[in-house]
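Peer 1: Before I ask anything, here is the structure I am working with.
The values are calculated or read from the model by the stated rules, or taken from the named source; none is laboratory data. Everything numeric here is computed off the predicted structure, so don't read it as measured data. Because the Cβ atoms are built from the backbone with ideal geometry, glycine has one as well, and the counts that use them run over all protein chains shown.
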């Protein structure tokens with residue numbers, strides 16, 4: 001079973017990034033998942049299987065461009 005994730009969603013992983021933050025924005029979805037740390041801006045690619053093991057939960061996005069009713 002795969003996770004239902006889309007670009008621009010904000011997620012939390014089990015372990016924090018080296019900068020101490022634990023919020024990541026998804027910028028690429030495919031065989032690899034592209035993540036960007038919301039604190040320092042560092043980008044990272046994780047294989048989907050590794051991402052699914054590290055995934056903890058989806059977080060609310062505070063992006064005004066996204067309409068939650070859609």
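Peer 1: Within region 5-15, can you find the residues that are within 15 Å of residue 56 (Cβ to Cβ), exposed (fewer than 14 other Cβ atoms within 10 Å of the Cβ) and either at pLDDT 95 or above or under 12 Å from the mean Cα position of the chain (by Cα) (or both)?
Peer 2: Applying the first criterion (within 15 Å of residue 56 (Cβ to Cβ)) to region 5-15 yields 5, 9-15.
Still in the running and exposed (fewer than 14 other Cβ atoms within 10 Å of the Cβ): 14-15.
14, the sole residue that qualifies.
Peer 1: Take residue 33 and tell me if it is modelled with pLDDT of 90 or more and touching a helix residue (DSSP H, G or I) at 6+ places or on another chain (Cβ under 7 Å). Steps first, please.
Peer 2: Details: modelled with pLDDT of 90 or more: yes; touching a helix residue (DSSP H, G or I) at 6+ places or on another chain (Cβ under 7 Å): yes.
For residue 33, the condition - modelled with pLDDT of 90 or more and touching a helix residue (DSSP H, G or I) at 6+ places or on another chain (Cβ under 7 Å) - is met.
Peer 1: Name, by its number, the condition in (1) surrounded by 14 or more Cβ atoms within 10 Å (Cβ to Cβ); (2) over 11 Å from residue 13 (Cα atoms); (3) touching a strand residue (DSSP E or B) at 6+ places or on another chain (Cβ under 6 Å) that does not hold for residue 28.
Peer 2: Failing condition for residue 28: (1).
Peer 1: Please specify each residue of region 14-25 satisfying the condition of being touching a strand residue (DSSP E or B) at 6+ places or on another chain (Cβ under 6 Å) and closer than 12 Å to residue 54 by Cβ.
Peer 2: 14, 17, 22, 24
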